[in-house]
Amino acid sequence: MALCLKQVFNKDKTFRPRKKFEPGTQRFELYKKAQASLKSGLDLKAVVQLPPGESINDWIAVHVVDFFNRINLIYGTMSEFCTERSCPIMSGGLKYEYRWQDDSKYKKPTKLSAPQYMCMLMDWIEMLINNEDIFPTRIGVPFPKQFQQVCTKILTRLFRVFVHVYIHHFDSIINMGAEAHVNTCYKHFYYFIREFSLIDHRELEPLVRMKQICHRQG
């Protein structure tokens, strides 16, 4: 029997505290609009489209933060099954291995276990989305020129969480009764990155079967 989603996706299991939008801000209003569309049962392809008159960078910023929260929650729930022993390499099956690189500790692509990679990833994204120079929250402060490039990197790495969870922990997802929820989150993510061409199509190859499901059901 499927568990209640509130039991499955326990906020205590998140890797990081949820990033929240400040009430009264434009981005908060956009977030509410996006959430209302999701809950209305609209086609996910329509839900991700830029609302008329809105800023594309604001729309992307809202979704990057929301996907970070959602995927953080999904992985936090799965993390008890993803250990140094079960997942000594951050991978997506035998064909795909993901190495970690950043501008501080790991200046060269470095092989990490999946739990280590996830921890580094969530720390890195949290640092970026809390950086006012990259994700400005004050009215009238423009986004930096490289904003969409940064978001592409964030979303590409978040996609790898889906890859690892689907390929290595799908049985756990099913056993927890969370398959429908994770699939919906993935489809929402997939349609968003396709709508704005935010991830190189080659990055999507590990989940080509899921891509086919999205096309069939979309």
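Overview of results
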quantity	calculated
The range 50-85, subset over 26 Å from THR137 (Cα atoms) and open to solvent by 30 Å² or more (accessible area, probe 1.4 Å), residue farthest from the chain's Cα centre (by Cα)	ARG85
Evaluation of TYR98 against (1) modelled with pLDDT under 95; (2) touching a strand residue (DSSP E or B) at 6+ places or on another chain (Cβ under 8 Å) (one fails), failing number	(1)
Some residue of the range 95-111 being touching a residue at least 24 places away in the same chain (Cβ under 8 Å), of a type in the set (D, E, K, R) and under 21 Å from ASP200 (Cα atoms)	yes
Identity of the residue in the range 174-206, among the hydroxyl-bearing types (Ser, Thr, Tyr) and modelled with pLDDT of 90 or more, that ends up surrounded by the most Cβ atoms within 10 Å (Cβ to Cβ)	TYR190
The range 167-184 residues that are more than 25 Å from LEU94 (Cα to Cα) and in contact (Cβ under 8 Å) with a residue 12 or more places away in the chain, paired with ones that are small (Gly, Ala, Ser) and surrounded by fewer than 16 Cβ atoms within 10 Å (Cβ to Cβ) (beta carbon under 7 Å, 6 or more apart)	GLY177/ALA2
Looking only at the range 71-102, and only at residues there that are in a helix (DSSP H, G or I) and of a type in the set (A, V, I, L, M, F, W, C), the one that is nearest to ARG157 (Cα to Cα)	ILE71
Criterion (surrounded by 14 or more Cβ atoms within 10 Å (Cβ to Cβ), modelled with pLDDT of 95 or more, basic (Lys, Arg) and under 19 Å from ASN69 (Cα atoms)) met by exactly one of LYS111, LYS153	LYS153
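The values are calculated or read from the model by the stated rules, or taken from the named source; none is laboratory data. Because the structure is a prediction, the values reported are computed rather than measured. Positions of Cβ are generated from backbone atoms using ideal geometry, with glycine treated the same way; all protein chains shown enter the neighbour counts. In case anyone asks, the SASA skips ligands and DNA or RNA and just uses the protein heavy atoms, side chains included. Shrake-Rupley method; radii C 1.70, N 1.55, O 1.52, S 1.80 Å.
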